[in-house]
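The values are calculated or read from the model by the stated rules, or taken from the named source; none is laboratory data. Quick caveat: nothing in here was measured; it's all calculated off a predicted structure. Cβ sites come from the backbone with ideal geometry, for glycine too, and all protein chains shown count toward neighbours. The protein model used for the area step is the full one, side chains on, heavy atoms only, and it has no ligands, DNA or RNA in it. Shrake-Rupley method; radii C 1.70, N 1.55, O 1.52, S 1.80 Å.
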Amino acid sequence: MSEKTTTLIVFASPAEGKEAEFNDWYDNVHLGEFVALPGVESGQRFDLAPASPPAKTGYAAIYQLSGDPAEVMKAMDAAIKDGSMHMSDAIDPASVAITAWTPHGPVATS
């Protein structure tokens, strides 16, 4: 991973009645297609932990970027348009929230 990375956090929920399809698409199609984009180093999905306070979505994906987040999003849009990235109607578009974060300071460890 490069020294200067950006963390992209994506929150999303499945469309009603499509949770199994949503998880299959995200795990087996979208995650791999997204990490193949230029400027994306890695990605991992997360489920909301059972002990967590309530959240707007039950799922998050966290990506480490070495490129400019705006350029990564442009690449994603282009990949959707050219058919190399496949979207699914199993995702609830109203639930999607995408934010990019840069480190504020060093990592604290125990």
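Points to keep in mind about this one:
- On full extension, the segment bounded by N28 and T102 gains 23.9 nm, given 0.36 nm per residue less the C-alpha separation.
- Charge-dipole axis of the chain as Lys and Arg at +1 and Asp and Glu at -1 on Cβ define it, positive-most pick from T109, S84, I98: T109
- Of the GluC sites (Glu not before Pro) found in segment 1-37, those in coil by DSSP whose Cβ has at most 11 other Cβ atoms within 10 Å are E3, E16.
- About its Cα centre, the dipole of segment 39-110 is roughly 160 debye, where the only charges are +1 on Lys and Arg Cβ and -1 on Asp and Glu Cβ.
- Convex hull (Cα only) mean projected area of the chain, reported in nm² to one decimal: 8.3
- Mean ellipticity per residue at 222 nm, deg cm²/dmol - from DSSP H runs of n ≥ 4 across the chain, formula -39500 (n - 2.57): -6500 deg cm²/dmol
- Accessible surface of the chain [probe 1.4 Å, protein heavy atoms]: carbon and sulfur percent: 58
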